[in-house]
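Report on one structure; see the data block that follows.
The values are calculated or read from the model by the stated rules, or taken from the named source; none is laboratory data. Quantities reported herein were computed from a predicted structural model and do not represent experimental measurements. Neighbour counts run over all protein chains shown; Cβ positions are idealised from the backbone, glycine included. Ligands, DNA and RNA are excluded from the accessible area calculation, which covers all protein heavy atoms including side chains. Shrake-Rupley method; radii C 1.70, N 1.55, O 1.52, S 1.80 Å.
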Amino acid sequence: MTRHTRRLTAAAVIAGVSLLATACATTSGSGAAPDTASEEPAAPAEGRVAVAYENGIAVLDGTSLEVVDTFETEEFTRLNPFGDGRTIAVTTSKGFQILDTGAPELTDLVFEAAAAGHVVVHEGKTVLYDDATSETTILDTDVFAGGYDALPEGETHRSEAAHHGVSIVLEDGTLLTTVGDETARSGAVALHAHDDHWDELASSDECPGIHGEGTAAGEAVIFGCEDGALLFHDGAFEKFTAPDEYGRMGNAYVSETSPIVVGDYKSDPDAEGYLLNAVTLIDTAAHTYEVVELPDEVQYTYRDVVRGPEDLAYILSTDGQIHVLDPETGEIVDAFPVVEPWEGPVEWQDPHPTIKVNGDIAYVTEPASNAVHAVDLTTGETVATVELDAAPNEIAVALG
């Protein structure tokens, strides 16, 4: 394993792309959905977009961004794709509430959880994690294929002590889940179901503050640590150590067709705010770990990095541009403006620009103007915009 750092000492060459005329899918003054009471809604294609705002959720058409319907909900909710191209898991105070973006309908179906946390989709399984109990619920991703008439049952696993954690199920049925308690998180364990219990296959306690996960090519799973990252691959754990004494990675941005993981990176535990100015590049095939410091103008939060066309990384920065990073080289290779410049949030859950991707299209929120934009990442063109009646916060695409 090799570890090294590299600083971008000069601004990368950036080809600025002018914003072209925006096709604007505006709604009526009330922001309400079109009147469809007199007809059955058309069967939707995959890729509808759900947007959470204070006390509500809007379902948007993935192409035009037209508001299909809106729903009242709690003051703050989080949104996660269920993985079937239609369903969104909405985290509320009661648990994981199911949103059908097809009908659309915010159903009464709730997977109860005292502190609903991470939702992970991989290889036909959707995994829900309850931070209050450290209970993992494992469901078939297509469990709602027959409709939303009843709450399906899944397989469960409960860790010994509750903590803010995450779990994922691999293709062979291996359950990877974090280890910790109410005071600290230390690592992860790999388990295999056997009759009425789980057998331990491997474990690691070398990942203090373990948080988040991502799966790269070949089912190489990465977890973030406060001093680097933890890899699980081919039945074993491997630790990557950060070059700084405190080198926290909390989120992994991955493509399942690339061995390289892009992670966020923070080297100052006392830094104020949530803006970051460096990324980690972890090559899970070459077993290398690298920290890349970005140009000064590229600052982002955990919501502002995605993987997209050609397995590139797309960083929505406070300068209002999407900066394109090549994970192979660590270089910024392009940039194009999308939103007005913005400042980092005071609290992590405060509305601030967010980016999600579906194929070549990125969906970008702009809370300052109550807007959501659809951006073609291959051209830099903003192809649709909608203005809501409230500031968009969380956003998710119903990916299949």
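Output the residue which, of all residues in the stretch 123-133 that are in contact with an Asp or Glu (Cβ under 8 Å, 6 or more places away or on another chain) and surrounded by 19 or more Cβ atoms within 10 Å (Cβ to Cβ), is farthest from Leu170 (Cα to Cα). Before the answer, list the steps.
Keep residues of the stretch 123-133 that are in contact with an Asp or Glu (Cβ under 8 Å, 6 or more places away or on another chain), which gives 123-126, 129.
Checking which are surrounded by 19 or more Cβ atoms within 10 Å (Cβ to Cβ) leaves us with 125-126, 129.
Details: Lys125: 8, Thr126: 11, Tyr129: 16 Å.
Residue satisfying both the conditions and the ranking: Tyr129.
For residues that are in contact with a Leu (Cβ under 9 Å, 6 or more places away or on another chain) and not in a loop (DSSP other than H, G, I, E, B), tally how many sit in the stretch 128-167.
Final tally of qualifying residues: 9.
Which members of the stretch 319-333 meet the condition of being assigned to a strand (DSSP E or B) and open to solvent by less than 40 Å² (accessible area, probe 1.4 Å)? Spell out how you get there, then give the answer.
To start, the set of residues in the stretch 319-333 that are assigned to a strand (DSSP E or B) comprises 321-326, 331-333.
Correct list: Ile322, His323, Val324, Leu325, Asp326, Ile332.
Please indicate, with yes or no, whether at least one residue in the stretch 162-183 is in contact (Cβ under 8 Å) with a residue 24 or more places away in the chain and more than 18 Å from Val127 (Cβ to Cβ). Before the answer, list the steps.
Initial filter on the stretch 162-183 (in contact (Cβ under 8 Å) with a residue 24 or more places away in the chain): 162-171, 174-180.
Narrowing further to those that are more than 18 Å from Val127 (Cβ to Cβ): none.
Among the residues of the stretch 162-183, not one is in contact (Cβ under 8 Å) with a residue 24 or more places away in the chain and more than 18 Å from Val127 (Cβ to Cβ), which makes the answer no.
So Val298 ticks every box in (1) surrounded by 23 or more Cβ atoms within 10 Å (Cβ to Cβ); (2) under 18 Å from Arg248 (Cα atoms) but one. Which box is left unticked?
So Val298 meets the others, but not (2).
Would you mind finding the one in Glu290, Glu272, Glu256 that is in contact with a strand residue (DSSP E or B) (Cβ under 7 Å, 6 or more places away or on another chain), part of a loop (DSSP other than H, G, I, E, B) and either acidic (Asp, Glu) or free of Cβ contacts under 8 Å to residues at least 24 places away in the same chain (or both)? It would help to see each step written out before you state the result.
Working: Glu290 fails: part of a loop (DSSP other than H, G, I, E, B); Glu272 fails: in contact with a strand residue (DSSP E or B) (Cβ under 7 Å, 6 or more places away or on another chain).
Answer to the check: Glu256.
Among the candidates Phe237, Phe223, single out the residue that is assigned to a strand (DSSP E or B), at pLDDT 95 or above and over 17 Å from the mean Cα position of the chain (by Cα).
On the way: Phe223 fails: over 17 Å from the mean Cα position of the chain (by Cα).
Testing whether each residue is assigned to a strand (DSSP E or B), at pLDDT 95 or above and over 17 Å from the mean Cα position of the chain (by Cα) leaves just Phe237.
Just to be sure before I move on: is Asp205 more than 17 Å from Val127 (Cβ to Cβ) and at pLDDT below 95 in the structure I sent?
On the way: more than 17 Å from Val127 (Cβ to Cβ): yes; at pLDDT below 95: no.
So Asp205 does not fit the description; no.
Which of the residues belonging to the stretch 50-79 are part of a loop (DSSP other than H, G, I, E, B), buried (at least 18 other Cβ atoms within 10 Å of the Cβ) and hydrophobic (A, V, I, L, M, F, W, C)?
Answer for the stretch 50-79, where residues must be part of a loop (DSSP other than H, G, I, E, B), buried (at least 18 other Cβ atoms within 10 Å of the Cβ) and hydrophobic (A, V, I, L, M, F, W, C): just Leu65.
Can Val110 be described as open to solvent by 40 Å² or more (accessible area, probe 1.4 Å) and touching a Gly at 6+ places or on another chain (Cβ under 9 Å)?
Here the answer is no, as Val110 does not meet what is asked.
Can you name every residue in the stretch 301-318 that is touching a residue at least 24 places away in the same chain (Cβ under 8 Å), open to solvent by less than 10 Å² (accessible area, probe 1.4 Å) and in a loop (DSSP other than H, G, I, E, B)?
Matches in the stretch 301-318: Thr301, Asp304.
Of these, Thr257, Thr178, which one is of a type in the set (S, T, N, Q) and open to solvent by 50 Å² or more (accessible area, probe 1.4 Å)? Explain how you work it out, then say what you get.
Working: Thr178 fails: open to solvent by 50 Å² or more (accessible area, probe 1.4 Å).
None of the other options fit; the residue is Thr257.
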